[in-house]
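One structure below.
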Amino acid sequence: MTKTKRANALMYVVLTIVSLISVFPLYWMLISSTNKSVDVSRGTMLPGTAFFDNWKVLFENSPVPSAMWNSFKYALILTFCALLICSLAGYGFEIYHDKGKDTVMSILLLAMMVPFVATLIPLFRMFSAAKLLDTTVAFILPTISTPFLIMMFRQSARSFPHDIIEAARIDGLNEIQIFFRMFFPTMRSTYAAAMTITFMNAWNNYLWPKVIMTSDESITMPMLVANLTEGYVTDYGVLMLAVLLCSLPTVIIFFLLQKSFAEGITGAVK
Amino acid sequence: MSQTKGAKKRKLSLEKKHNLTGWIFLTPATIMIAVMSFWPMIQAFILSFQTGKANKLKFGGFTNYIRMFQDKDFMQSLSNTFFYLIIQVPVMLILALILASMLNNKNLRFKGLFRTAIFLPCATSLVSYAIIFRSLFGVDGFINSVLIKLGILNTGYNFLGNATSAKIVIIIALIWRWTGYNMVFYLSGLQNIEYSVYEAAKIDGASPMQTFFKITVPLLKPTILLTTIMSTNGTLQLFDESVNLTKGGPSNATITMSHYIYDQSFKYVPKFGYAAAMSFLIFILVAILAFIQMKVGDKRD
Amino acid sequence: MKRKILSALLCVAMTATMLAGCGDKADDSKNSDSDTQQEADNNAGDDKQEAADDAGDSEGGGNKLTVWCWDPAFNINAMEKAGEVYQKEHPDFTVDVVETPWDDIQKKLTTAATSGALDTLPDIILMQDNAFQKNVISYPEAFVDLTDSGIDFSQFGEAKTAYSVIDGKNYGVPFDNGAVIAAYRTDVLEEAGFKIDDFTDITWDEYLEKGKTVLEKTGKPLLSCQAGESDVIMMMLQSCGSSLFDDDGNPAMVDNAALKKVMETYNALKEAGVLVEVNDWDQYISTMTTETVAGTINGCWIMASIKTANDQSGKWAITNMPKLVDVENATNFSNNGGSSWAITSNCQNVDLAKDFLASTFAGSVELYENIIESGAIATYLPAGDSDVYGKADEFFGGDAVSAKIVEYAGKCPSNNTGVYYYEARNAVAIAMQNVVQGANVDDELKAAQETVEFNME
């Protein structure tokens, strides 16, 4: 018993240390956002009193609410569409797998292996010719279907019991119904993980929106943060407040979803 | 496909019908990838055979592909990138796996907090994390003060000013940032393993080590494969850390391939043909590595 | 069932969008694949037509100009003030400024020009002087020649105008000043027994000697800079009118006596500890705010950052930079940074844009008086005579700093940036890093030249 207790204590120590190291930058951001720029660059580690001044400066000079709204809009629509399309495909690849589909999957995987810099120009040409620049559609389409998400669903569909499918077929459900009524609820943990990751990637997506967004009305939070670092003088307090606001949504989404993907579901499979 | 199907539909055996359903399921995703990735890739591939600057391009055969092997800076970036790959990917994945199995413990308290904390780094904006890492490893930064206080160093060491230590700082930064990200996949993968398996092992007297290697690792194999391919791909295309942490320096000691390609496209006089050719080298390298990983890891038992 | 319908709808919508995209794409690629300028122009022309038909908000009416620039406190403010000045004569004129970081402007410009989609550009962009030659020579079709636009370019500092002159033609209207200043902490100098005059009109040798004394007595280096950046090297080089390229645009680093002297000087400063290197911009700024250095040398825009530490008010003074020893044409003046306005070929109303720039940034002392509050010091020489420029600045010990800087800018020698300026700067920075580590200057310059030549092939 003492042995397991010691092992347990060790586990808490390890997790606490790792957590502290991980949280440090967020703490630093938080502290910095309450300080004046000079104090931030002087390396203060104590809370200051400039939070509301920084807040005022940031909201007066930068379109924070609209950038937040844009980022949410793009990220949520993209996450919804991507999850739908990719989970259908991942399920299709695994449940109905045969040589042909395995080959297609391998070919699709190739799509993620070319650096984005190389495909940027052809993609831009495509969207500019279609007059879609500066639109939500242009933000979403290039990453709506990713080999990574498809593969993630394919890998997790591998543990989806085939007996359930057979049973459902006998009950008279068609294939689409099986997907939505059986696979979807059973794989909630995979969906939750995929949602977190996709939302985060969409939220932080940077290079592409920078090239296609051409008006002040359509900028995203990461673009807003970048704008703050471009001037001859950087106000570090204001910058860190913006960075904080830019990081929070992903953290909140993670916190809300982590139970779903890490403590999973019981019922459905058993 | 769907038009011809009408009349014959009933004659198809059940298996064929399911097969067809499978194809329909994956059509939207496949079309999107074809249009949004493969079509631009083909264009980039054609471009990679063109030489010249800005818009003054002409067909140059394999010139670009030969040129890159004569390009000392690109070769340096290639070796830097592989250095990161070999060290960072295994360390990070093993760490993520260990943390995930710790956090999968049913009796652990404050799980939600630990998980969120460990995930935080990859949700933290790049801007702040680059500033913090540079200041932590600065000559009079936190790390140096600690080492001096411990008596390990006499004066501050310029971590980012030395080729080897700068590379190591990049690796530390990568591990710090992406371990939590990979942990997410393992945590969600672990949910598909029934807890009773662990309980049975415990009753049989298996040590935590044995459980980890005999149960967790084999059952997580599909997920491990996924994260290995993703991390390999991500590291070979590494860009952010090189640009934001070290700007590729000192003397190109930390520059990555993607960073160099970016400079050739947007910072210097644009050479898109050459940039495309170098991108295809990355493509080939990732494809070979992924192929090997798939061969080793993607078997349905 | 609802979900099924939704997913079906989504797929249809996506496919339709895609097909539409592909159709256009096919036409487009034909044009851009061919080399003939004409076709590309036609293409751009058609697009323009369409854009105009669409009545995109950037082209609305004939009295609106869209501008890309990046600093709200600085050049965006200046552009908006310019709009107000112009509005007095032209009440229905408006200027629409889109905040776009310089990196993004460069990216968008390159992408648009390479894709043959110049119609995605605004009417006016602000361009870093260092990138001017590169962009105009790479994409001449994207810019409007301003030589005969009625703008009097002789009203600007010659070195400044030179950045945006390509083949004898003017493509840019100079904007902010990058004249180099040397800023010192007078209280620290005093502690070491010096006055600001002891650092005025001096040579680098004297700087080094006095710097050693300051370091010894106060523990503070005179200068900090970013490792791996070539700013200090380029400032020193330009101060004697020397460049990394010769007049034909060929790299001139090997056997460049001035450059060699610059690197030796830098190395001597570094070895003596009079100059310290830090790893990034933020740390560079913090060496000043945390008072770990006794001064700095940079483009005059650095004053804005120095001034953020208002508790140091009155403790700073500004003078000119040291000059090189044993080098021809050595001066105490140089330039670092700065930017100029360019009109893009997508501008629908070039005459309006030209007239706007001519009567504001190239013709209105009033405008420069309005924006000096934000630290934007003119390169427009008539502005220097304004009373506002003669005003004392308490932060810098009551000195008339702005007038001083306009004077410095007028004395600065030109720098031939050439098309491959970024490549060359990077190569020189690497050479310098290696020299600091103990490498031989001549060998490193040879390697740097080879790198640049390889990139030019």
Using the alpha-carbon centroid of each, what span in Å lies between the range B:71-143 and the range B:154-211?
9
Within 10 Å of each residue's Cβ, count the other Cβ atoms and sort C:ASP247, C:ASP103, C:ASP119 from fewest upward.
C:ASP247, C:ASP103, C:ASP119
Give the average, rounded to an integer, of partner chain Cβ atoms located within 10 angstrom of each Cβ in B:256-268.
4
What are the residues whose amide H is under 5 Å from the amide H of C:ASN335, where those residues sit 5 or more places off or on another chain and H is modelled from the backbone?
C:VAL180
Work out the length of the dipole vector of the range C:139-248 about its Cα centre, built from +1 on the beta-carbon of each Lys and Arg and -1 on the beta-carbon of each Asp and Glu, and round it to the nearest 20 debye.
500
Does the range A:62-262 come out rounded, prolate or oblate by the C-alpha gyration tensor, with a ≥ b ≥ c the root eigenvalues, rounded set by a/c under 1.5 and, if not, prolate when a/b is larger than b/c and oblate if not?
prolate
Hey, can you grab everything whose amide H is under 5 Å from the amide H of C:ASN170? Only 5+ residues off in sequence or another chain; H modelled, so Pro and N-termini drop out.
C:LEU146, C:THR147
Classify the range C:321-457 as rounded, prolate or oblate from the Cα gyration tensor: take a ≥ b ≥ c as the square roots of its eigenvalues, call it rounded if a/c is under 1.5, otherwise prolate when a/b beats b/c and oblate if not.
oblate
Inter-centroid distance (Cα atoms) of the range C:395-457 relative to the range B:11-58, Å:
47
If every Lys and Arg gets +1 and every Asp and Glu gets -1 at its Cβ, then about the Cα centre the protein assembly as shown yields a dipole, in debye to the nearest 20, of 7220
Using only Cα atoms, find the angle between the long axis of helix C:37-54 and the longest principal axis of chain C, and express it within 0 to 90 degrees, rounded to the nearest 10.
70
Taking the beta-carbon count within 10 Å as an exposure proxy, list A:LEU10, B:LEU147 from fewest neighbours to most.
A:LEU10, B:LEU147
Bridge type composition, the protein assembly as shown - antiparallel percent by DSSP, nearest 5
70
So which aspartates and glutamates pass the test for B:LYS58, namely a Cα distance under 19 Å, with those fewer than 8 places away in the same chain ruled out?
C:ASP28, C:ASP33, C:ASP35, C:GLU39, C:ASP41, C:GLU141, C:GLU457
Three-way shape call for the range B:72-297 based on the alpha-carbon gyration tensor, with the a/c threshold at 1.5
oblate
List, in the order given, every pair from C:LYS260/C:LYS315; C:LYS88/C:LYS391; A:LYS210/C:LYS134; A:LYS36/C:LYS212 whose Cα-Cα distance in the structure shown is over 24 Å.
C:LYS260/C:LYS315; C:LYS88/C:LYS391; A:LYS36/C:LYS212
Taking the Cα atoms of the protein assembly as shown, report the difference between the largest and smallest coordinate on each principal axis, in whole Å and largest first.
94, 74, 54
Cross-link list A:LYS99/B:LYS295; C:LYS195/C:LYS270; C:LYS354/C:LYS404: which exceed 25 angstrom alpha carbon to alpha carbon?
C:LYS354/C:LYS404
What value, in deg cm²/dmol to 500, does the helix sum -39500 (n - 2.57) over DSSP H runs of n ≥ 4 give at 222 nm once divided by the residues of the protein assembly as shown?
-18500 deg cm²/dmol
Going highest first, how would you order B:198-207, A:84-93, C:163-172 by mean Cβ packing within 10 Å?
A:84-93, C:163-172, B:198-207
The range A:158-191-the range C:67-100 distance, computed between alpha-carbon centres (Å)
60
Antiparallel content of DSSP bridges confined to chain C, in %, to 5
65
Farthest towards the positive end of the dipole of the protein assembly as shown, among B:GLY205, A:SER37, C:GLN133 and with Cβ unit charges of +1 on Lys and Arg and -1 on Asp and Glu, lies the Cα of B:GLY205
How big is the charge dipole of the range C:369-457 about its Cα centre, in debye rounded to the nearest 20, if each Lys and Arg gets +1 on its Cβ and each Asp and Glu gets -1 on its Cβ?
60
Over the Cα atoms of the range B:41-165, compute the convex hull volume and normalise it per residue, giving Å³.
221
If the cut-off is 27 Å between C-alpha atoms, which lysines fall inside it for B:LYS202, apart from same-chain ones fewer than 8 positions away?
A:LYS3, A:LYS5, A:LYS259, A:LYS270, B:LYS106, B:LYS111, B:LYS214, B:LYS221
Mind ranking C:193-201, A:27-35, B:251-259 by how tightly packed they are, going by the mean number of other C-beta atoms within 10 angstrom, highest first?
B:251-259, A:27-35, C:193-201
How do B:PHE114, B:PHE133, A:PHE52 line up, fewest other C-beta atoms within 10 Å first?
A:PHE52, B:PHE114, B:PHE133
Using the alpha-carbon atoms, what tilt in degrees (0 to 90, nearest 10) does helix A:236-262 show relative to the longest principal axis of chain A?
20
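Since every read-out is calculated from the coordinates, none of them should be taken as a lab result. Computed from a predicted model, the values in this text were never measured in an experiment. For neighbour counting, all protein chains shown are included, and Cβ atoms are generated from backbone atoms with ideal geometry for every residue, glycine included.
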